[in-house]
Amino acid sequence: MTTNRLSIIFSAAFLSLFAMSCSEDVLTFPELEPARIRIVNVAPGIESLQFVIDSSIVLNVPFSEISPSTAIPSGRPIPFVINVNGRPASRDTSRFTFGTSGASFLATISLTPGNYSIVSPIRDTILPANVPNGYVKFLHGVSDDRFFEVEVYYTQEEPLFASRTFDPYSSSPNFAQLSPGTYTFYLREAGSSTEFARLENVRIDAGRSYLLYSHPSSAGDGINLKIQ
């Protein structure tokens, strides 16, 4: 009886030590804060595109619009599938990795009719409270040869980005800071006074980030400016 009791005691002690050893060897990682994205659809030819993100998040983005800011997982490759009428628009799945707590724009383009893809992420920003200015970034979302290289102005004389021109699907590397107020933005041919598009009566508020972007007209015969 005494031997059995000692055996039970030793066995219990061994199991307790084994469990403690196992628990000490288990590594726990902090949960990463999600990233946030906004998708801008500058791909003409269809009224709306559907995006399936990480197999679980679904966004429907009409042509020339930007999706709401959406939280997605960070720290690992995230698959993006573009659907048209319920079917994938490409045989390839785009994958992007986003940093924790970061913010990005993703622009969807169409290089040929029916062929849709996502260009590299464009850095967005999350502004702290009490920022005195508004922040504006630009994307040239048109590949038409007639509008190949452009400049952006926020007055008739002042460029939004000094000494900077934009070719198709390029974006400004930094944000332009504007004091709160109402502005008119002008899209011109690079190195020329020829005006391609104008966006009037745009209210810029303090503490907000904006994406100013060009996109093809719905009819495909011109170019428009939009800001969101």
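Values quoted throughout were computed directly from the atomic coordinates according to the rules given, and no laboratory measurement underlies them. Quick caveat, the model's predicted, so the values are computed rather than measured. Cβ coordinates were reconstructed from backbone atoms using ideal geometry, including for glycine residues, and neighbour counts include every protein chain displayed.
Return the label of the correct value of Kirkwood radius over Cα pairs in Å, as calculated from the structure shown, out of (1) 19.0; (2) 20.4; (3) 17.8.
Checking each listed value against the structure points to (2).
How big is the charge dipole of the chain about its Cα centre, in debye rounded to the nearest 20, if each Lys and Arg gets +1 on its Cβ and each Asp and Glu gets -1 on its Cβ?
So the dipole magnitude of the chain works out to roughly 600 debye.
Set Lys and Arg Cβ to +1 and Asp and Glu Cβ to -1, take the dipole of region 109-220 about its Cα centre, and tell me which of Gln156, Ala206, Ile122 lies farthest positive.
So the residue furthest toward the plus end is Ala206.
What percent does the relative contact order of the chain come to when contacts are Cα pairs within less than 8 Å and at least six residues apart?
Across the chain, relative contact order equals 16 percent.
Taking the Cα atoms only, what angle lies between the long axis of helix 2-25 and the longest principal axis of the chain, rounded to 10 degrees?
Tilt relative to the chain: about 20 degrees.
Hey, what D do you get for region 130-228 in µm²/s if you plug the Kirkwood alpha-carbon radius into Stokes-Einstein at 4 °C and 1.567 mPa s?
Here the translational diffusion coefficient equals 96 µm²/s.
Rounded to the nearest 20 Debye, what is the dipole magnitude of region 130-228 about its Cα centre when Lys and Arg each give +1 and Asp and Glu each give -1 at the C-beta?
My answer is approximately 420 debye.
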